[in-house]
Amino acid sequence: MSPTGKSSNAPLCKGCIVDRNGQPVSQVQVVSHIVNAAKPQVPQSDVSDEKGHFLIAFDALQAAGDGQLKIDFLREGVPVRVTQRLVGLDDVNSPVIMYELDEHTQATADTEAHYNKKESIPTVAITSHDFMTDEHEAMWASIQNVTVNIGFANFLAYVDKELANSSCAINGAHQTTIDEHSQLFNNYGVNSYELLDSITEKFMYERIFDHEAPKHGDYLQHIVDSKLPDWQVESRQDECSGSRLQLGRQHLKPLAFCPIELIWSYWIEESLLMQAFNRIALRFQNRSSVKQGPDPLAHLEIDPLRPLNNLIWGFIQNEGKRLSLVRRAYEYDHHYGIQLQGTAVPKLRPADSRVGFLGEFHKLLHIASEFHRQTDDVTVRADPFPVMNAIYDVHIKLAEGAHNQFGDLPTVARKEMLMMQWIMARPEMREFLNGRLMVPQSEGWMDRVEHMKRIQGWPNHSMQHFVNLANFGEQLMVSIRNINWSQVKQSSVAGSWATYWRESIQGYMHSYRAVTGIDILDNDPRMSDNPSAAIYKQSA
């Protein structure tokens with residue numbers, strides 16, 4: 001191509017190519033698009049003395065006259081077919097660039113067909129990286145299923161079904177405890193409470209230890225292989241009970257994946273469910289719960305004609321068999337370094353407190369939220385490596401607390417709290433406490449406890465937040481505890497974890513801010529503070 005040296009004073013228009021006289025040349029046909037996003041500069045074009053194809057890369061182009069070509073074509077590389085030599089005009093000092101084409105240029109049939117073929121136009125899109133393919137997703141799905149399976153709605157339906165079926169005789173020599181006690185449910189004594197206890201225990205065994213669920217014993221097996229090599233044993237089927245026993249020179253418990261955490265009980269404890277029921281039990285015994293002034297529950301009169309009367313009686317009589325508040329408080333501190341606050345909680349002297357766990361856990365949630373922001377920005381490739389490091393720190397802290405009462409206390413506490421929820425959801429309790437019926441609640445016991453908190457002057461945060469903290473917190477901690485993160489070498493596993501549990505992470509942070517005033521999302525410096533103290537401070 002040779003420049004003519006002429007400057008362009010012709011009227012300009014967008015969307016056309018003009019000849020030397022500024023007249024539009026409409027015969028040029030687009031063959032395909034070649035993107036050129038460079039800054040405006042002198043365009044380059046192929047020059048030939050013979051007829052053929054020529055590619056003109058327009059980096060910046062304004063044109064004059066009325067034309068038919070679209071402006072987006074002019075911003076990109078435009079292959080054209082010409083019948084004569086192409087002559088151009090370049091002006092390096094102006095973004096106005098005109099190319100002179102022979103006004104007899106004709107488009108061939110193949111270029112016309114290519115121009116009209118819409119699918120030939122390339123599509124440019126930016127997509128985010130997918131972190132959702134991971135071998136641990138089966139375990140994470142089973143954790144979510146357990147949360148639903150042992151939730152209050154299923155428990156309520158299960159108890160109602162068992163009570164309805166308990167009066168039916170079972171053929172065979174073995175009759176269950178439920179059947180033996182069914183006729184006494186509405187009679188005097190502790191039988192009704194013991195019946196509820198038996199049903200609850202059966203419910204938890206069936207729902208938690210699901211034998212058809214995927215097996216996830218890799219982490220526990222790794223502990224046995226690396227820390228207890230002399231306890232390597234073979235298993236056989238026990239002929240009497242049908243259970244799996246570990247036999248050998250050293251006896252070892254069967255490895256079982258338990259998808260529940262004590263953190264669930266802690267947040268239900270903070271909802272003041274147990275404290276509310278204890279106050280009702282005191283009034284049931286004609287004992288005032290206040291040192292001065294009238295008792296807020298002085299009007300309590302529970303008739304002896306319905307099951308609630310015997311349920312509360314059985315609850316009081318079985319006090320020595322239940323976990324006390326002090327035992328639960330010590331274990332909360334042992335597991336998570338969290339201490340309960342309140343007048344009913346004595347000053348604790350723990351032998352081993354999990355100092356630093358809460359700060360590490362909340363740091364993980366904050367880092368995960370930053371990872372979510374990166375994944376939402378499709379122009380950024382999210383880095384899951386900080387998430388993996390934070391998960392490992394939390395995993396180590398959780399493992400340090402997995403001793404002594406680790407297996408039994410969370411299970412027993414869960415059973416007792418489910419029983420309290422069921423009793424609080426009884427129709428008799430609704431008649432007595434008269435909760436706010438128009439306030440939507442996800443579980444039937446929640447409005448009763450909220451009303452108790454109001455009349456007792458306790459912190460009155462929404463019960464839904466505590467239930468969310470219990471469920472989401474349990475899911476997150478179980479998913480962290482049961483993977484051997486010390487052996488995970490690929491950060492994409494942590495990215496998959498953060499992506500899979502995104503709703504639980506965000507739901508936990510929202511409810512935590514609602515009840516404590518501490519915003520984990522904004523990296524609040526109070527993230528490591530005791531939540532129990534923050535709850536009371538927030539409501540003061």
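What follows draws every value from the coordinates through simple rules; no lab data is involved. Everything quoted here is computed from the prediction, not taken from an experiment. Positions of Cβ are backbone-derived with ideal geometry, glycine not excepted, and every protein chain shown enters the neighbour counts.
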Please compare each pair in Lys161/Lys202; Lys397/Lys537; Lys321/Lys415 to a cut-off of 19 Å on the Cα-Cα distance and tell me which ones are over it.
Lys397/Lys537
From the Cα gyration tensor of segment 353-467, with a ≥ b ≥ c the square roots of its eigenvalues, which class applies: rounded if a/c is under 1.5, or else prolate if a/b is larger than b/c, or else oblate?
oblate
Loop trypsin sites (Lys or Arg not before Pro), segment 264-298 (other Cβ atoms within 10 Å of the site Cβ: 15 or fewer; DSSP):
Arg287, Lys291
Highest mean first, what order results for 425-431, 269-275, 393-399 on Cβ atoms within 10 Å?
269-275, 393-399, 425-431
Counting only DSSP loop positions in segment 482-515, the trypsin sites (Lys or Arg not before Pro) whose Cβ has at most 15 other Cβ atoms within 10 Å are Lys489
Length gained if Lys537 through Arg454 is fully extended, taking 0.36 nm per residue and subtracting the Cα-Cα distance, is 28.2 nm
Using 0.36 nm per residue, how much length does the chain from Tyr205 to Asp160 gain when fully extended, once their Cα-Cα distance is taken away?
14.5 nm
Subtracting the Cα-Cα distance from 0.36 nm times the residue separation, let me have the gained length for Lys321 to Arg526 in nm, one decimal.
70.0 nm
Would you work out which of Asn471, Trp445, Asn484 lies farthest towards the positive end of the dipole of segment 368-516, given +1 charges on the beta-carbon of Lys and Arg and -1 on that of Asp and Glu, about the Cα centre?
Trp445
How about segment 446-493: which chymotrypsin sites (Phe, Trp or Tyr not before Pro) there are in a DSSP loop, with at most 13 other Cβ atoms within 10 Å of their Cβ?
none
